[in-house]
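Q: For reference, the structure I am asking about is given below.
Each value in this text was obtained by applying a stated rule to the coordinates, not by laboratory testing. Predicted model, so just to flag it, every value in this text is computed and none were measured. Cβ coordinates were reconstructed from backbone atoms using ideal geometry, including for glycine residues, and neighbour counts include every protein chain displayed.
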There are 2 protein chains.
Amino acid sequence: MPQPPPAEPGMREEEVDTPALLLDLDAFEHNLAAMAALLAPTGTKLRPHAKTHKSPVIALRQMAHGAIGQCVQKVAEAEILAWGGVPDVMVTNEVVGARKLARLAALARIARVSVCADDPAQVAAIEAAAEAAGVRIPVLVEIDVGAARCGLPPGPPAVALAERIAASRHLSFHGLQAYHGSAQHIREPERRAAAIAAAAEHARRTVEQLRQRGLDCPVVGGAGTGTFAHEAASGVYTEIQAGSYAFMDADYARNEQAPPFRHSLFVLATVMSAASPHIAVLDAGHKAVPTDSGLPLVQGRERVRYVSASDEHGKLLVEDPADRPRLGEKLRLIPGHCDPTVDRYDWYVGVRKGRVECLWPVAARGAMA
Amino acid sequence: MPQPPPAEPGMREEEVDTPALLLDLDAFEHNLAAMAALLAPTGTKLRPHAKTHKSPVIALRQMAHGAIGQCVQKVAEAEILAWGGVPDVMVTNEVVGARKLARLAALARIARVSVCADDPAQVAAIEAAAEAAGVRIPVLVEIDVGAARCGLPPGPPAVALAERIAASRHLSFHGLQAYHGSAQHIREPERRAAAIAAAAEHARRTVEQLRQRGLDCPVVGGAGTGTFAHEAASGVYTEIQAGSYAFMDADYARNEQAPPFRHSLFVLATVMSAASPHIAVLDAGHKAVPTDSGLPLVQGRERVRYVSASDEHGKLLVEDPADRPRLGEKLRLIPGHCDPTVDRYDWYVGVRKGRVECLWPVAARGAMA
C-alpha cells in the first residue's frame, strides 16, 4: 500500500514528517537548465533516465527543458511514463518473457516505445509480440562497450543482429545502445575519458560496418552523469541517457572533476536518540537511504558523520560536541546513490526557501517488472 | 502506487512474472513450528519482529504458533498490524515527534501498544500524547547492552528513567529493551555466546537494581535469529524478538553453527541476457534484492555465482558452461538480508510443490514513518 504524504503544501521544512524524500526545487531547476546549456553546443540530444526519478511529473519538466524523451529499464516503468503523458520512451534494456513483451507492444499504441536486444531469440519474441498487437517496434542492438554485462560484442555480431531486426516485418532497426555503466564512477578524470574514448571507438566502427551493409543507424545512445561530456563530444553518440544529473548523488560528487550539478535530493531524518555525547541516531537506516554506493553525507554539518546504517537506524558520530545534534532535530542527508533511494518512497516533498511547495508521487516506485 | 500481483493462484512457479518475492510455504511453516519447539522448553515467549515480514497475515500465523504479539520499529508498521487485527504490538524503538506520538496513542485505543524510551524528554512527550488521547501506554527503557546505538547505559541511568516512567500518570513501566543487534552476525559461536552473556548480565543487574527501588520489571526483551538460544536460556530475557527465523537470510546461514531454519524466502528472477558463455544477467539487481548484507545465492546452482548487482541487473558468473543458465530461465535467489528485500515488494507469492497457492500483500511495505 502507498504511504500517506509526509507533508502538506505551505508547511515549513522542519514540520515535515520523517523519513521523507525532499527535493530542493531551486537546485533541481538549476540542474535541468545546466544540463541543457552544457549539451546545446554539442548538438547531442538529452534523453534522461527515468530509472532515477520514476515520475512523469519530473519527466515532463525535463522535456520542457529540451529533453527528447525518456529512458527506462523496465516495462512497468515505461507504462507509468506513457500513461502519464510521456510520448517517447526507450527501454534501454533487454525485455524477456511473453507477458512483458505483450505489455510493451500494447504500449506502442499510445507512445513511441523502443527496446534493446542482444540475442536473435529476443528479436523473434519482440517480432511476435509486435505482430500480435498490430504495431511496429523500433529495436536497438545493445553492444558491450566495456561494462561486460548485457550486449553483443561490437562489430560483426552486432551488425548481424541489426540485419535480422531490419528484416523483421514488425520491427525497425533503430540504432545502437552503447552504455558504459562501470565508467561512470571511475574517480580519475583521465581514466574516465579513456574508457569512454574506447567505447565511442567501438560504437563508431560498428556504425561504419552497418553503413557498409546498407543499414542506417539513426541512434547511438549511452552515457551517464559521470561521463556524458565525453560521449557528447565524441561525434558518435546521438543521445545522452544521464539520469542522476537532476539530483546529484554523493557518490558522483566523489569523482575528481565532478559534474557541475547541485545536490537537490535529500532524505530528511530525525534524531531519535542522543543518549551518548558522541553518538546520535537518526530514524533513517538503509531502508530509508540505501548504501550500495556508500553512506550518505549530512548536509551542512561537517563535524557530524553518518558512520553506519542498520535497517531503521542511522548512526551519527559527533566529532565536535559543540555541533552535537539535538534529540528531535531534523537533518538533511545527501544519499550515496539517488536511484534506489527515490525508489524507497511514495512521495517527493518539493521545498523552496524552507517551505513545502508541492507533493509529487513517485509513480513508478517499485516498478521492477 | 502498489504494483499488480505478479501471479495468480494455481500458476506454476515458472509462470510467475519477475522479479517476484516467493515464499516457499512448506519451509515457512517448518520454520514457525521449529521456533515454537525450540522455545517451548525454555519458558521464554516469542514476540516475532514484523520489520522482517511487514504483514498482518504472517503475524497472525506466527501467533497461531504461540507467539504472544509482534514487534515493530515504526509507528506506521504498528498501525498496519493493529488495523489488520494484531492485538499486541511493541515498538522496539524510540518514537520522536508529536505527530508520530499522537498516532501511537490513538492506536492504543484498539490494541495493546508499548514503546521504548531512552531520554526523559521522550518520556514527557509520550506522557503528553497519552494524556491527550486518554490512554495509558506501557513504556520500556532501552538499555545499551553492547551495540552502541540507542539506549541508556544499564544500571542507575536506566533505573532513574524507569522511575520517571512509573511516576507518570498515563504511562506504566513495562520493562527493559535489551537487544544486542551487532551480535547477531558474529560468525564464531563462542564469541556470539560471550556477547550475549555480557548483555544478559547487564540486563540482570539492572532488573535487580529496579527491584531494590521497588520497581517490578515484567518484560526483558531482545534477541534475534543469530543469538536467540542464548537469550532464551539466560533466565533473564522474557521475550525473544527474532524476525528472520521465518525466512532465513543467506547471511545468517554464513554464521558457524547457523540457526536451524530453512530458506523459505526467495526472489524469483529471469535470465534476460546470456550473450557471453561465462556471464548471464538477471533482471534482479540491488533494487530487487538489496545487498547491504552481501550478495544473494543462486538456489540449487552451485556453479553459478551472483557476482555483482547494479540497479536493475544481477550479473552471474558461470563457472561450468554445462550449468549455463538459458535465456529466459527463471532462477531462485536467496537474499543476503530478507528484511530490506521484503520491503521492496508489494506481494508475497506463496508457493507449494511448484504451484502458486496464495498472494499476501506486504501491507507495511515502505512504512518508515
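Q: Compute the distribution of all C-alpha to C-alpha distances in region B:224-290, in bins of 10 Å from 0, and list the percent of pairs in each, rounded to whole numbers.
A: 17, 33, 26, 15, 7, 2
Q: Could you state the number of Å between the C-alpha centres of region A:90-110 and region B:223-275?
A: Each part's Cα centre sits 37 Å from the other's.
Q: Can I ask one more? With only alpha-carbon pairs counted, each pair once and no self-pairs, how large is the Kirkwood hydrodynamic radius of region B:223-340 in angstroms?
A: It is 15.3 Å.
Q: Hey, another quick one. Taking 10 °C and 1.306 mPa s as the conditions, I'd like the Stokes-Einstein D for chain A in µm²/s, using the Kirkwood hydrodynamic radius from alpha carbon pairs.
A: Numbers: Rh = 21.5 Å.
The Stokes-Einstein estimate is 74 µm²/s.
Q: Now a separate question. Could you give the size of the charge dipole of chain A about its Cα centre, using +1 on the Cβ of each K and R and -1 on the Cβ of each D and E, expressed in debye and rounded to the nearest 20?
A: Values: 39 positive and 42 negative charges, 99 e Å.
Dipole about the Cα centre, nearest 20: 480 debye.
Q: Something else now. Using a simple charge model, +1 on the beta-carbon of Lys and Arg, -1 on the beta-carbon of Asp and Glu, nothing else, what dipole does region A:44-249 show about its Cα centre, in debye to the nearest 20? All intermediate terms of the calculation are to be shown ahead of the outcome.
A: On the way: 22 positive and 19 negative charges, 80 e Å.
My answer is approximately 380 debye.
Q: Cα extents of region B:165-297 along the three principal axes, largest first, in whole Å?
A: Extents along the principal axes, in whole Å: 72, 38, 20.
Q: Let me ask you something else. Along the positive direction of the dipole of region A:44-249 (beta-carbon charges: Lys, Arg +1; Asp, Glu -1; about the Cα centre), which of A:SER234, A:ALA117, A:ALA78 reaches farthest?
A: A:ALA78
Q: Stokes-Einstein D for region A:44-249 at 37 °C, 0.692 mPa s, Kirkwood Rh over Cα pairs, in µm²/s? Don't skip to the answer; put the middle values down first.
A: On the way: Rh = 16.9 Å.
The estimated diffusion coefficient comes to 195 µm²/s.
Q: Stokes-Einstein diffusion coefficient for region A:49-136 at 4 °C in a medium of 1.567 mPa s, Rh from the Kirkwood formula over Cα pairs: what value in µm²/s? Working shown, then result.
A: Details: Rh = 13.0 Å.
The diffusion coefficient I find is 100 µm²/s.
Q: Once you have all Cα-Cα distances for the protein assembly as shown, histogram them in 20 Å bins from zero and send the whole-percent values.
A: 17, 49, 28, 6, 0
Q: Just how large is the dipole of region B:216-290 about the Cα centre, in debye to the nearest 20, putting +1 at every Lys and Arg Cβ and -1 at every Asp and Glu Cβ?
A: Numbers: 3 positive and 7 negative charges, 67 e Å.
Dipole magnitude for region B:216-290 comes out near 320 debye.
Q: Then there's this: Search the structure for amide H atoms under 5 Å from the amide H of A:LEU46, placed 1.01 Å from N in the peptide plane, and list their residues when 5 or more places away or on another chain.
A: The answer is A:ILE68, A:ILE240.
Q: B:ARG305 label points, 7 Å along Cα→Cβ, one per copy: pairwise distances from this copy to the rest in nm, shortest first?
A: The projected label point of B:ARG305 is separated from its counterparts by 3.1 nm.
Q: Given H placed 1.01 Å from N in the peptide plane, which residues other than close sequence neighbours of B:VAL351 have an amide H under 5 Å from its amide H?
A: So B:VAL351 has HN proximity to B:LEU23, B:ASP24, B:LEU25, B:GLU357.
Q: Would you grab the residues whose amide H sits under 5 Å from the one on B:LEU171? Only those 5+ places off in sequence or on another chain, please, with H modelled 1.01 Å from N.
A: It is B:ILE137, by chain and number.
Q: Something else: In deg cm²/dmol, rounded to 500, what helix-only [θ] at 222 nm does the protein assembly as shown give when every DSSP H run of at least 4 residues adds -39500 (n - 2.57) and the total is split over its residues?
A: -9000 deg cm²/dmol
Q: Turning to a different aspect of this structure: Which whole-Hz couplings ³J(HN,Hα) result when phi for each residue of region A:132-144 is put into the Karplus expression 6.51 cos²θ - 1.76 cosθ + 1.60, θ = phi - 60°, listed in order with x for Gly and Pro?
A: 4, 8, x, 10, 10, 10, x, 10, 9, 8, 7, 10, 8
Q: Let me ask something else about it. Averaged across B:281-290, how many Cβ atoms of other chains sit within 10 Å of each residue's Cβ atom?
A: Partner-chain Cβ atoms within 10 Å, mean over residues of B:281-290: 5.
Q: While we're here: Quick one: Karplus J couplings for region A:207-214, per residue in order, coefficients 6.51, -1.76, 1.60, θ = phi - 60°, nearest Hz, x for Gly and Pro?
A: Working through the residues one at a time gives 4, 4, 5, 4, 4, 4, 8, x Hz.
Q: Something else: What ³J(HN,Hα) values, in whole Hz, does the Karplus curve 6.51 cos²θ - 1.76 cosθ + 1.60 give for region B:361-367 when θ = phi - 60°, with x put for Gly and Pro?
A: x, 7, 4, 9, 4, x, 7
Q: Going down the list A:LYS100/B:LYS74; A:LYS45/B:LYS287; A:LYS100/A:LYS330, which pairs span over 31 Å between their C-alpha atoms?
A: Pairs exceeding the cut-off: A:LYS100/B:LYS74; A:LYS100/A:LYS330.
Q: If you rank A:GLU8, A:GLU231 by fewest surrounding Cβ atoms within 10 Å, what's the result?
A: A:GLU8, A:GLU231
Q: How many angstrom lie between the Cα centre of region A:298-329 and the Cα centre of region A:114-154?
A: 47
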